[in-house]
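See below for the structure under consideration.
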Protein chains: 2
Amino acid sequence: MKSQVKRVPNARGEGERLRQEILGAATRILEETGREDALSLRGVAREVGISAPSVYRHFKNKADLVTTVLDVTYRALAVAMSEAGESAAAAGADPWERVRAIVTAYRRFAIDKPRRYRLMFSLEYEPDRPPTTGHPIGTMLQAWTDTTDAYLAEVAPSRRSEAQDLGVHLWTALHGQLVLWHTLPSAAAGNETILIELEESLLRRLLPAPEAPSTAE
Amino acid sequence: MKSQVKRVPNARGEGERLRQEILGAATRILEETGREDALSLRGVAREVGISAPSVYRHFKNKADLVTTVLDVTYRALAVAMSEAGESAAAAGADPWERVRAIVTAYRRFAIDKPRRYRLMFSLEYEPDRPPTTGHPIGTMLQAWTDTTDAYLAEVAPSRRSEAQDLGVHLWTALHGQLVLWHTLPSAAAGNETILIELEESLLRRLLPAPEAPSTAE
DNA sequence: CTCATCGGCTAACACTGTTAGTCTAACTTC
DNA sequence: GAAGTTAGACTAACAGTGTTAGCCGATGAG
């Protein structure tokens, strides 16, 4: 019952396979528990069917494992955002609807993967990583300033210099809303429409309306 | 060297004293490390000069200890905010300056106690606490909606119905800014003026200007 | 055929949260 | 004042943790 099949080792070049399995199991556990210390190397090893020290063949240590999970999550979020923007554009959406689509994708991600989303922003920056890449939060910020810049370029070109500021405002406010929503126990939590209304109210206040006010089509 | 003085027990009714010492040590360690799992009961016990299980006389378990530290921190933040508002009012500040003072107090707190601030919003709600109190984040939100309500009452009474929304926007956006600032490694971090400018830019966009536009003194 | 190396394993260390049970000194009650 | 109770601590122990050291079988290169 303890070691069921004694797991035949992967072939010579196939070590990467186990790495992916470990990553998957760790992701699952982190998403279920939401706390870094609830993830134990022995636990993921048990789930994958290997022994705990074998994890060290593929990850430097536990922190490295967690960091990798979060890096993957960051990338997935960025992809979800850009895909939402592009498919909205392809469907002929106007600039406002395009921003709306990106915001919605962001919210969906944060709500569907709540534990990991929270974890993304609750970890200290680990300085012993390749400093060229920087913290993945930077790419997140970039995605938002790109969004506001594209919006301003089409809708209010004269105010395009505010794109950076607006991107920061948009992202930070949305993130704050989601944190609040995740944390608040009863009232808001579970009621997504509240979030949507808040978003709407925020966007109206933050994003400038089109400059040519009337029939510009 | 191990047990230096064998710490004479507190007198009969003085158990509270040790409780405070434990709380203080835990607060210190949490502020230094910033991670819940870096706080060990044996560690705080060592620092206070008692044995680890003695902590259980005063706290249900480790989570209870951490929660208590954060509750105290929440209260301190709320107090700092209201004090800033009141002392600004006492100094004859106008509504805008009053909001500004509260925002500044909030930022100061978040920057001076960065680890604890981050911890406040990264813990899951623990359901086995007295449910009457709710999550302390609720009081935080209340403080902000009070702030915006007071501002609107004086400056734009016709829009007072928006106070709730504006309070949420203000708080979530500020919180998001601070998270970003804490997380981003090089560029922003350590440069507080960036934060102040962001705040200013946000407040201008969010808070309505006085209704009587001209000479209303 | 040899041999290095990949992909794993076991054993062990130091540490953790938590429980059970014990001791001492002070306070309460008769 | 004697007896009992209890606040305020302690030691011992358990199960589980991250991590390191060292081993072992199979596979591929020379």
Among (1) near DNA strand D (Cβ under 8 Å from one of its atoms); (2) away from chain B (no Cβ under 14 Å); (3) at pLDDT 95 or above, A:P9 falls short only on (3)
When region A:74-121 is checked residue by residue, the ones that are outside any helix (DSSP H, G or I) and more than 12 Å from the chain's Cα centre (by Cα) are A:A91, A:G92, A:A93, A:D94
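Do we have A:P95 as modelled with pLDDT of 95 or more and within 11 Å of DNA strand C (Cβ to nearest atom) here?
On the way: modelled with pLDDT of 95 or more: yes; within 11 Å of DNA strand C (Cβ to nearest atom): no.
No: the conditions fail for A:P95.
Among A:L123, A:L70, which is open to solvent by less than 30 Å² (accessible area, probe 1.4 Å), under 17 Å from A:L39 (Cα atoms) and more than 16 Å from DNA strand C (Cβ to nearest atom)? Spell out the reasoning first.
On the way: A:L123 fails: open to solvent by less than 30 Å² (accessible area, probe 1.4 Å).
Criteria check complete, one pass: A:L70.
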Per the list (1) away from chain B (no Cβ under 11 Å); (2) at pLDDT 90 or above, residue check on A:Q164 breaks on (1)
Pairing a residue in region B:60-81 that is away from chain A (no Cβ under 14 Å) with any residue that is within 16 Å of DNA strand D (Cβ to nearest atom), where Cβ atoms lie under 6 Å and the two sit 6 or more apart in sequence or on different chains, gives B:L65/B:A26; B:L65/B:F59; B:V69/B:A26
Exercise. Considering every residue within region A:95-105, establish whether at least one is under 23 Å from B:L123 (Cβ atoms), open to solvent by less than 20 Å² (accessible area, probe 1.4 Å) and not basic (K, R).
Key: no
Note on region A:28-53: residues within 11 Å of DNA strand D (Cβ to nearest atom), open to solvent by less than 40 Å² (accessible area, probe 1.4 Å) and modelled with pLDDT of 95 or more are A:I29, A:L39, A:L41, A:G43, A:V44, A:A45, A:A52
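The values are calculated or read from the model by the stated rules, or taken from the named source; none is laboratory data. These figures come from a predicted structure and were not determined experimentally. When we count neighbours, we look across all protein chains shown, and the Cβ atoms used for this are built from the backbone with ideal geometry, even at glycine. To get the accessible areas, we keep the full protein, side chains included, count just its heavy atoms, and leave off ligands, DNA and RNA. Shrake-Rupley method; radii C 1.70, N 1.55, O 1.52, S 1.80 Å.
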